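**Student:** The structure is given below, and queries will be raised subsequently.
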């Protein structure tokens, strides 16, 4: 596995697009939190803030706020994964890896490395955001609520593993990106609305929606008394099942089809 990681690193260390995406992904997590912090902490009158009990960036609420904001902006890491995987097919480097002695499962493992790595980068960036913005608040540091970053990490794994599956099925960067963006921005939202309309709360168990149910924005949660209709364990189970399903389908595709 260490040899696989070394080869993957050699592929990207001088790849400018990779570093641009990484930078954009980090900014896409930090910048929205800066904007939300400025609006709700610096611009909302103190009297209005008292109506909600505490600032949304005070501990322990900061964990939930950062995770919730990040869940809407960190899809760029999935787009980077699509680019990396589809490049393998476009430039036939996946075939060269097999010729050089890799097994097909090694190729899949090399891409799962990026699923885990990119999700971890998003997690660590969010942790930094919690420390920065929570540290600016009036409440002392608290780990209560840190579970929300765990929910966020699972949602990231779902997003990146879905992006990996689309990539190995489509193999074309542009089309894969269009399909992925179309799904997360439009198709799933439509499916969630339709299923909830006709079949009830089960509509909240779609891949990315399950993560959203675990990560309500604190201000909205306070205003409308929002809470998911199912226990958190149900949504967590759904996320884990989706991760296993997507990865299983990737293995099936790569092990059984022509390269």
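The values are calculated or read from the model by the stated rules, or taken from the named source; none is laboratory data. In this text, all values refer to a predicted model and were calculated from it rather than measured experimentally. When we count neighbours, we look across all protein chains shown, and the Cβ atoms used for this are built from the backbone with ideal geometry, even at glycine.
**Student:** Report, by residue number, each residue of segment 179-196 that is exposed (fewer than 14 other Cβ atoms within 10 Å of the Cβ) and more than 14 Å from residue 162 (Cβ to Cβ).
**Tutor:** Answer for segment 179-196, where residues must be exposed (fewer than 14 other Cβ atoms within 10 Å of the Cβ) and more than 14 Å from residue 162 (Cβ to Cβ): 186, 190, 193, 194.
**Student:** Here is a follow-up. How many of the residues in segment 4-19 are in contact with a helix residue (DSSP H, G or I) (Cβ under 9 Å, 6 or more places away or on another chain) and assigned to a helix (DSSP H, G or I)?
**Tutor:** 9
**Student:** Going by what's in this entry, would residue 192 be described as under 25 Å from residue 120 (Cβ atoms) and in contact (Cβ under 8 Å) with a residue 12 or more places away in the chain?
**Tutor:** no
**Student:** If the requirement is being in a helix (DSSP H, G or I), without any contact (Cβ under 8 Å) to a residue 12 or more places away in the chain and more than 30 Å from residue 17 (Cβ to Cβ), which of these qualifies: 198, 186?
**Tutor:** 198
**Student:** Across segment 60-82, what is the number of residues that are within 17 Å of residue 176 (Cα to Cα) and either modelled with pLDDT under 95 or not in a helix (DSSP H, G or I) (or both)?
**Tutor:** Residues that pass the stated criteria total 2.
**Student:** Suppose the filter is in a helix (DSSP H, G or I) and either out of contact with any helix residue (DSSP H, G or I) (no Cβ under 6 Å at 6 or more places or on another chain) or in contact (Cβ under 8 Å) with a residue 60 or more places away in the chain (or both); does residue 175 pass it?
**Tutor:** So residue 175 fits the description; yes.
**Student:** I need the full set of residues from segment 134-164 which are out of contact with any helix residue (DSSP H, G or I) (no Cβ under 8 Å at 6 or more places or on another chain), over 19 Å from residue 73 (Cβ atoms) and either assigned to a helix (DSSP H, G or I) or without any contact (Cβ under 8 Å) to a residue 24 or more places away in the chain (or both), in order please.
**Tutor:** Once the filter is applied, which keeps residues that are out of contact with any helix residue (DSSP H, G or I) (no Cβ under 8 Å at 6 or more places or on another chain), over 19 Å from residue 73 (Cβ atoms) and either assigned to a helix (DSSP H, G or I) or without any contact (Cβ under 8 Å) to a residue 24 or more places away in the chain (or both), segment 134-164 yields only 135.
**Student:** Do we have any residue at all in segment 116-123 that's surrounded by fewer than 18 Cβ atoms within 10 Å (Cβ to Cβ), modelled with pLDDT of 95 or more and under 15 Å from residue 8 (Cα atoms)?
**Tutor:** Within segment 116-123 (the criterion being surrounded by fewer than 18 Cβ atoms within 10 Å (Cβ to Cβ), modelled with pLDDT of 95 or more and under 15 Å from residue 8 (Cα atoms)), the answer is yes, since at least one residue qualifies.
**Student:** So residue 103 clears everything in (1) modelled with pLDDT of 90 or more; (2) out of contact with any helix residue (DSSP H, G or I) (no Cβ under 7 Å at 6 or more places or on another chain); (3) closer than 23 Å to residue 3 by Cβ except one condition, right? Which one?
**Tutor:** Condition (1) is where residue 103 drops out.
**Student:** Taking the condition without any contact (Cβ under 8 Å) to a residue 40 or more places away in the chain, in a helix (DSSP H, G or I) and closer than 22 Å to residue 71 by Cβ, does residue 27 pass?
**Tutor:** Yes, satisfied.
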